[in-house]
1. Arranged by the count of other C-beta atoms within 10 angstrom, fewest first, what order do Ile108, Ile50, Ile16, Ile63 take?
2. Quick one: which residues, 5+ away or cross-chain, put their amide H under 5 Å from the amide H of Arg131? H built at 1.01 Å from N.
3. Taking the Cβ of each residue in Trp114, Trp61, Trp25 as the centre, tally the other Cβ atoms inside 10 Å and list the residues starting with the fewest.
4. Taking the chain on its own, what percent of its Cα-Cα pair distances exceed 27 Å?
5. Mean Kyte-Doolittle of at least -0.5 plus a Cα span of 15 Å or more along the axis: flag which DSSP H helices in the chain meet both, please.
6. Taking H placed 1.01 Å from N in the peptide plane, check which residues at least 5 places from Gly56 or on another chain put their amide H under 5 Å from its amide H.
7. Give the long-range amide H neighbours of Lys31: residues separated by 5 or more places, or on another chain, with amide H under 5 Å away, using H modelled in the peptide plane at 1.01 Å from N.
8. Ranking Arg120, Arg131 by Cβ neighbours within 10 Å, fewest first, what do you get?
Amino acid sequence: MLRTGKKSKQTKAHEITRETKEKVWQRQKGKSLFAPYKNISVEMCCCHYIPRSRGGLGEEWNIFGCYQTPYANDEHDAFDHKLSDSQVKQLTNLTPDQMVTVVRNHLIENYDNWSEENCRYKKYVEDYGVRRKK
């Protein structure tokens, strides 16, 4: 079967746009959530709180930024459960559960109507009602 190159609505909903990455970077003031002394680039704002594999949206209220490197284990790998608990603790001084709590609390503090359910794609929903707090 030949594909036309068009993406489904669901696939598009999971993607993170450059505009979203910039909003997340500004929200975090260019700092990692797990190590606020580390500066991050806009491109490092690409981590889903609810992963794409579980329906996670590419919206700013489901995205956060953390320090990443292409050469070694990093905070993104730690959050995505790609490292052992001891590696996570050594890298971030947090447990995996504590990392989840840090991100969840950050998102709750910054968005009205935030919930894990509102971070998941829903076929017939256009507006999830999540708004940035002033």
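Any read-out appearing in this document is the output of simple, stated calculations on the displayed coordinates, not a laboratory observation. Model, not experiment: these values are computed from the prediction. Using ideal geometry, Cβ is built from the backbone for each residue, glycine included, and neighbour counts are taken over all protein chains shown.
1. Working: Ile108 13, Ile50 17, Ile16 20, Ile63 26.
In order of increasing Cβ crowding within 10 Å: Ile108, Ile50, Ile16, Ile63.
2. Asp112
3. Trp25, Trp114, Trp61
4. Values: 1823 of 8911 pairs.
In whole percent, the long-distance tail amounts to 20.
5. On the way: long enough: 96-110 (22 Å, -0.31).
Span-like helices, by this rule, are 96-110.
6. Close amide H contacts, sequence-distant or interchain: Tyr121.
7. When sequence neighbours closer than 5 places are left aside, the close amide H contacts are Ile40.
8. Working: Arg120 16, Arg131 13.
Least to most surrounded, the residues fall as Arg131, Arg120.
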